[in-house]
Amino acid sequence: MPERMKRAIASVITVVLAGIVVWGLVIGEPSEQDRVQALGSRIRCPVCQGESIADSPSTYARDILTFVEEKVGEGWTDEEIVSYLEQRFAGIRLDPAFSGTTLLLWLLPIVALAGGAALAVRRTNRSNGIR
């Protein structure tokens with residue numbers, strides 16, 4: 001089987017598998033525990049350096065995670081919970097809010113990904129004799 005055909009088949013398989021994952025994420029309804037874990041992974045532990053409350057062994061982080069679990073059970077939205085915690089703790093978010101000051105933080109990974117993809121295409125073209 002020609003190398004080009006193998007690459008095409010691998011690409012199709014990759015796209016199909018990625019589509020299945022995206023479909024599952026779109027259709028899947030998160031449970032309350034899923035929401036608690038997702039929020040816990042977005043909230044910085046006030047005691048630990050750069051660790052989420054979901055990953056922190058700190059008792060204080062466990063207390064905050066219990067608070068999050070209670071508020072999810074009461075029907076609070078994710079933003080209400082995060083806003084409440086932001087009012088009490090400075091810099092509680094692990095994922096910074098999108099604003100003018102954090103624009104570079106949001107755009108840098110996209111620029112790096114695009115640059116890496118361009119470099120990969122350029123090297124592939126060079127190895128195939130395309131200039």
- Task: Report, as a whole number in µm² per second, the diffusion coefficient that Stokes-Einstein gives for segment 31-95 at 25 °C and 0.890 mPa s using the Kirkwood radius over alpha carbon pairs.
- Result: 215 µm²/s
- Query: Roughly how tilted is helix 103-127, in degrees to the nearest 10 and between 0 and 90, from the longest Cα axis of the chain?
  - Reply: 20 degrees
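Given Cβ point charges of +1 (Lys, Arg) and -1 (Asp, Glu) and nothing else, what value in debye, to the nearest 20, does the dipole of the chain about its Cα centre take? Before the final figure, lay out each step's value.
Numbers: 14 positive and 15 negative charges, 288 e Å.
Here the size comes out at about 1380 debye.
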- Looking only at ALA120, ALA90, ALA54, which one moves most when the chain is put into a Gaussian network model with springs between Cα atoms under 10 Å? ALA120
- With N residues in segment 1-129, Rg(alpha-carbon) / (2.2 N^0.38 Å) equals 1.50
- May I ask for the equivalent-ellipsoid semi-axes of segment 1-52, computed as the square root of five times each C-alpha gyration tensor eigenvalue and listed largest first in whole Å? 38, 17, 5
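All of the numbers you see were taken from the coordinates with simple rules; none came from a lab. Predicted model, so just to flag it, every value in this text is computed and none were measured. With ideal geometry, Cβ positions are generated from the backbone for all residues, glycine too; neighbour counts draw on all protein chains shown.
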